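Heads up: the structure comes next, in structure tokens.
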Protein chains: 4
Amino acid sequence: MNTLGHLLTLTTFGESHGPAIGGVLDGFPAGITVDADYVRECMQRRRPGQSTVTTGRQEQDEVEFLSGLLDGVSTGAPIAFIIKNTDQHSSDYDELKDLFRPSHADYAWLQRYGIRDWRGGGRSSARVTAPICVAGALATMALRKLQPGIKISAFTSQIGPYSTDPTKDMEYSDIPVETNPVRCPDQELASKMEEYIKELRKEQDSTGGCVTCIVRGLPAGIGNPVFDKLEASLAGAMLGINAAKGFEYGDGFSAASQRGSEHNDAFRMENGRVTTTSNHSGGIQGGISNGQPVRFRVAFKPTPTIGREQQTVTLKGENTTIAAKGRHDPCVVPRAVPVVEALTSLVILDQWLCGARQE
Amino acid sequence: MNTLGHLLTLTTFGESHGPAIGGVLDGFPAGITVDADYVRECMQRRRPGQSTVTTGRQEQDEVEFLSGLLDGVSTGAPIAFIIKNTDQHSSDYDELKDLFRPSHADYAWLQRYGIRDWRGGGRSSARVTAPICVAGALATMALRKLQPGIKISAFTSQIGPYSTDPTKDMEYSDIPVETNPVRCPDQELASKMEEYIKELRKEQDSTGGCVTCIVRGLPAGIGNPVFDKLEASLAGAMLGINAAKGFEYGDGFSAASQRGSEHNDAFRMENGRVTTTSNHSGGIQGGISNGQPVRFRVAFKPTPTIGREQQTVTLKGENTTIAAKGRHDPCVVPRAVPVVEALTSLVILDQWLCGARQE
Amino acid sequence: MNTLGHLLTLTTFGESHGPAIGGVLDGFPAGITVDADYVRECMQRRRPGQSTVTTGRQEQDEVEFLSGLLDGVSTGAPIAFIIKNTDQHSSDYDELKDLFRPSHADYAWLQRYGIRDWRGGGRSSARVTAPICVAGALATMALRKLQPGIKISAFTSQIGPYSTDPTKDMEYSDIPVETNPVRCPDQELASKMEEYIKELRKEQDSTGGCVTCIVRGLPAGIGNPVFDKLEASLAGAMLGINAAKGFEYGDGFSAASQRGSEHNDAFRMENGRVTTTSNHSGGIQGGISNGQPVRFRVAFKPTPTIGREQQTVTLKGENTTIAAKGRHDPCVVPRAVPVVEALTSLVILDQWLCGARQE
Amino acid sequence: MNTLGHLLTLTTFGESHGPAIGGVLDGFPAGITVDADYVRECMQRRRPGQSTVTTGRQEQDEVEFLSGLLDGVSTGAPIAFIIKNTDQHSSDYDELKDLFRPSHADYAWLQRYGIRDWRGGGRSSARVTAPICVAGALATMALRKLQPGIKISAFTSQIGPYSTDPTKDMEYSDIPVETNPVRCPDQELASKMEEYIKELRKEQDSTGGCVTCIVRGLPAGIGNPVFDKLEASLAGAMLGINAAKGFEYGDGFSAASQRGSEHNDAFRMENGRVTTTSNHSGGIQGGISNGQPVRFRVAFKPTPTIGREQQTVTLKGENTTIAAKGRHDPCVVPRAVPVVEALTSLVILDQWLCGARQE
């Protein structure tokens, strides 16, 4: 239940306010040199407290590798790592002990397990995505070696009312997104998004948004035809991110209003290789990559924690109200960008390893 | 790779033009009486050749159970079943042997396996959803016994330009959809959808659409908090249906433009029980059901097989054109409705069994 | 629960007296030509009714392949197959309906599932090993192509008081065992074993025995170091055979009384390659093959069904007696020989595919 | 590959000489109070350096829990824990860097992964059993609550030439074994075993042995009928212990020479409950527990590391000799006793949880 993948498995653990969070990445190819700076960089991107648009919580987020590496090279043994929780303000959550925060996991968790770690969302905190970023960085390093030329780029494609133009997805994916705090490749739109988030912060409110991800350089033939389709694995992984509400690939939901003559991607020969004249399919046909760029989008709901007063109930079953005081993002989307990339790396490497067995 | 589920697993097999298709349902609770008529009914709903809006292929789709039942009652042993392929026109596909149909799995499959069953899509045919309907019918019978009051209802919510009103989803889910061939609960809209599909058939074109599904009566506490979230399991299963392009639950993609104050579902006490004043969450919070109706939507692309001439390439790498002659649906959506219900039953029963272990 | 393997999975189904038994082999490499005669031959070896030492039940055991093959070549799709049950004498079992046969699964099954298929052992019948032989034959054909030179040979090494000399295991494995009905490579011993079984049949009794298996030509590097060790996979598979009571590899239980200086296999260079001067390890060190022949042994208990009167209890909880009348083997060991080989092929191919991913 | 179990999964990690070893126990029931002293006690039993018969390596083996507990009670979240490696003498292993130790995993590992952590066996060190003991202690605590009356007791039943009487297994299992360093319930035999080990230490040699395990109070109905039989799960787990060479349950290998009339366990009513008049089956019939005590035995080879000079080869492929200097046990068996118990607890709880779903 806390494990993702088939041959490459990531098991994560840890709660928001426990001693540490971490993960175990098993089935990782041996002989991959781990660039600790790159891992740190991937972690930093997800880390809160980076800018005015994110939460003020300051986590050092230092990764300690406990196993699976010898002089920085993977040995084939499981790679375990931990990130200590250092900046915990558990007392921020004291008043949450006896009530359920609206649209949080609090109530559902209690019904599932009969006991709840009420401190900062416990296991349901967005903090659990940090180990995903570490593992994703490792997967990316392996993919770079095993499948040179592969490139996974995600970016913010929507924040509230501001959306990028989906026909420009391929262009966008070439633009570095670290130049602005919302990670949107359209700088003008990025300014509006940033402004919007700041405004919502003042209003003690929050907003949703979308992340788009492009995988270039994935060869044709990765995936499976029925229950473990590439798109199904990606969807399952993405819906595992906190606050994710939807997944679509290629033309996605807009394909519902298209005609076949409009949606179909014609095959053509180009420089002696099979290609398609369009990519409505999003690089996947029948569950298997077709050699075109993989393109998908993930929708996120607004952060449920807001400063405004909301109705809720107590553990004892009495109606009450709540107004959040902790440090929270008015929008999780910019920080979800590296998480989407990390999960994509993990899914692709796993499917790659599963498929590579026959060569 | 052809297996779905954890404690309850469905393994399917079979190609469009082989001797038979079928499945093995393992982990099914013992002591469930199987109503053969209900299974047949579920199969019939998915079966092609039912009306003017679907393909003319006539499959009898008779299910033979091979194991796991004693006098019609499940014994705990795996339930295997087959459906013989009887109305195969393999010759219809002869000319497809040497080329790739646009937006079909043909090319990707060949890259994956180096060999391809070119007859009617082989393993990638929509016919593989028939065993899912059988297994789903069984799962529904088990759920009715184990969790009385549970009800899973799917319906067509979009065909091309015609969409139902999402705010009426709960009302719709109470209306029988077998009264019209498109399975849309809004009769007026249904007529327009039917007309639209007929029109496209004449134009040798096809259309996409959406299916919405509602699960009532699911108790709070079903699901998991991180990688095996209820929504992730549903998304993974749904994206396994042929032609599926997207999945969203609750407010889904529209949550991306909402504010937290608008999206959050306030908890309230009602008749001594915890409930929510709205259901933007779609019945799932933090990966676990919260006792409200589960609501999600699946997008399907237009049928890729169309009568119009399209560009493509041959196995030898030459440009050519193709115009389909086989019997095909201009729209898969009405037939996807029972498949969505079946997969939902399977996912819910599996998660129910996994969660029930602690009681 | 009815599935074996990781990347290569075999799911079996079927009861002794239902319509059919069968299996689904998934993850099987594409492009393997299936020799139907070889499959039939493997089936025949396991089939009852072959000689005076086995049960009189006459099953035709014709395999029907339902999927995964195109003109006799595997396509990468799951290979499903069934074997119809034709020679069922369910009435033989009528009197067993209301009581538990000693040392059979009857009582334990009923406690597990609350319902029991009493006809011939149902799912717990030795007949469930037939699909294993089919799948094993397929795995052997794949191994021959992927790893030329590999050879898996099992033989009867003990029947009651008659045992082969373990120091001659390698010699034995080169001798064809189909020349005598007990499948023992030592012809003189074989005659004694055959005589012993005939004697027990007369005495309405039964006997246990052992099967030894040798895998030659397996390269070093197959297996895993901790929980999925090659020996653990083999042990788990072998203990799944009906009546199996024990598993040992290399020197096995006799290693318990050895000294390290006696047991250790010294490494030596031979013709420029690493080899060992002995093989007490049985070809596996630390869970991974070391390039030497893999050698293991499986113990089987005496067939529990005997003609002699035994004490037992009824479903209603009354003491009673039972004396079997059905057709049963006084010794399952000769028929277990092909089953051991089949499972070995399946385990080795699965581990081979899992390990091959990194090359 | 480093994960054991189905609903209850233990993933372990860590090498002998890395920063830490540990594990993640997922699927553990919520609401179990963890007795830290009991965990420590289980760890201590496995710990080296306890007596004259074990290695001199002094590990503090302090367990740190990182997640899954709130005020000492399990929350349903994965329980991660680490044990820091403190007493590492990596330099002891310097000379092993360039050669393969006979009958160790060194050579096989290198062939599998192309890279090897040569320090103290790396991932193949017996030290990896420490996390198993922690997880087993947790599983035992859960079993005590979920299935009161269950009791798992293992003991040393053989060291070299000294064996206990198998007909006294049930008596032995009631005798505390911590009273002597070899953990043998027969005190007289224990003294001889201890003497024998000391003698071997002087001779720079080592010995094998056996551990017997008894599970009382397991209800009938736990396990599965075909591939995931209770005995197969136990065998797979036990063969995962370092140096394990064989597994047998009930009468095991001696059943091979028995007759059915001798081996069969007759059912009888006793005080209104079904029981058996003997227990040759070892408490399992057809893969499922039958309510009688589960009884099995595991064989271990002599410790491969010995002080005597042995032949071996170098990484470069040259013949050479080796004589171990590190700190090593002349016999792993006494320390394997708690590991066998721990794995038994894990397997039983997992199967219990899987089976409990239907009630």
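In table form, for the structure just shown:
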quantity: Rounded, prolate or oblate (a/c below 1.5 giving rounded, otherwise prolate when a/b exceeds b/c) for the range D:56-168 by Cα gyration tensor; calculated: oblate
quantity: Cβ-defined net charge surrounding A:M170, 10 Å radius [Lys, Arg +1; Asp, Glu -1]; calculated: 0
quantity: Pair A:E309, C:E195: separation of 7 Å Cα→Cβ label points (nm); calculated: 10.0
quantity: Alpha carbon centroid spacing (whole Å) that separates the range C:153-198 from the range B:315-334; calculated: 60
quantity: Around B:V24: net Lys/Arg minus Asp/Glu count, Cβ-Cβ under 14 Å; calculated: -3
quantity: Tail weight of P(r) past 32 Å, computed on alpha-carbon pairs of chain B, percent; calculated: 33
quantity: Net dipole in debye of the range A:117-265 [+1 Lys, Arg Cβ; -1 Asp, Glu Cβ; about Cα centre; nearest 20]; calculated: 680
quantity: Across the identical copies, how the D:M170 labels are spaced - nm, sorted shortest first, 7 Å along Cα→Cβ; calculated: 4.5, 6.1, 7.6
quantity: Rounded percent of accessible protein surface that carbon and sulfur make up, the protein assembly as shown, 1.4 Å probe; calculated: 47
quantity: Residue-level accessible surface for A:Y38, protein heavy atoms, 1.4 Å, Å²; calculated: 40
quantity: GNM top mover of A:L138, A:L110, A:L200 - chain A, alpha-carbon springs below 10 Å; calculated: A:L110
quantity: Accessible heavy-atom area order of A:R123, A:R297, highest first, probe of 1.4 Å; calculated: A:R297, A:R123
quantity: Cβ-derived FRET efficiency at R0 60 Å, C:E270 paired with D:V73, nearest 0.05; calculated: 0.50
quantity: Inter-label distance for D:T179 and B:D37, nm, one decimal - labels placed 7 Å from Cα along Cα-to-Cβ; calculated: 7.1
quantity: In the range A:132-250, lysine pairs closer than 25 Å at Cα, eight or more apart or cross-chain; calculated: 9
quantity: Shielding of A:13-23 by partner chains, average beta-carbon count, 10 Å; calculated: 6
quantity: Shielding by other protein chains, D:199-212, mean Cβ within 10 Å; calculated: 3
quantity: Gaussian network model of chain A, Cα within-10 Å springs - most flexible of A:S16, A:S163, A:S261; calculated: A:S261
quantity: Long-range tail of P(r) for the range D:241-342 (Cα pairs > 16 Å, %); calculated: 71
quantity: For the protein assembly as shown, size of Cβ-based charge dipole, Lys and Arg +1, Asp and Glu -1, in debye; calculated: 0
quantity: Selected from A:D37, A:D251, A:D26 as most flexible by GNM, with chain A as the system and alpha-carbon contacts under 10 Å; calculated: A:D37
quantity: Nm distances between copies for C:S191, ranked from closest, using label points 7 Å along Cα→Cβ; calculated: 5.4, 9.3, 10.2
quantity: Averaged over D:117-129, number of beta-carbon atoms from partner chains that fall within 10 Å; calculated: 4
quantity: Computed accessible area, C:Y107, all protein chains, 1.4 angstrom probe, square angstrom; calculated: 20
quantity: Rough spin-label spacing in nm, given labels placed 7 Å along Cα→Cβ, for A:D165 and D:E62; calculated: 6.2
quantity: Accessible area per residue in Å² at 1.4 Å probe, computed on chain C; calculated: 31
quantity: Rounded to the nearest 10 Å², the accessible area of D:H6 at probe 1.4 Å; calculated: 110
quantity: Shape of the range C:3-48, Cα gyration tensor, a/c cut at 1.5; calculated: oblate
quantity: Ranking by accessible area, most exposed first, for B:F253, C:F300 with a 1.4 Å probe; calculated: B:F253, C:F300
quantity: Overall form of the protein assembly as shown per C-alpha gyration tensor (a/c, 1.5; a/b vs b/c); calculated: prolate
quantity: Total accessible surface hidden between A and B, rounded to 100 Å², 1.4 Å probe; calculated: 8100
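The values are calculated or read from the model by the stated rules, or taken from the named source; none is laboratory data. As the structure is a prediction and not an experimental result, all values here were calculated from the model. So basically every Cβ, Gly included, is an ideal-geometry build from the backbone, and we count neighbours across all protein chains shown. Note: accessible area is taken over every heavy atom of the protein model, side chains too, but ligands, DNA and RNA are not part of it. Shrake-Rupley method; radii C 1.70, N 1.55, O 1.52, S 1.80 Å.
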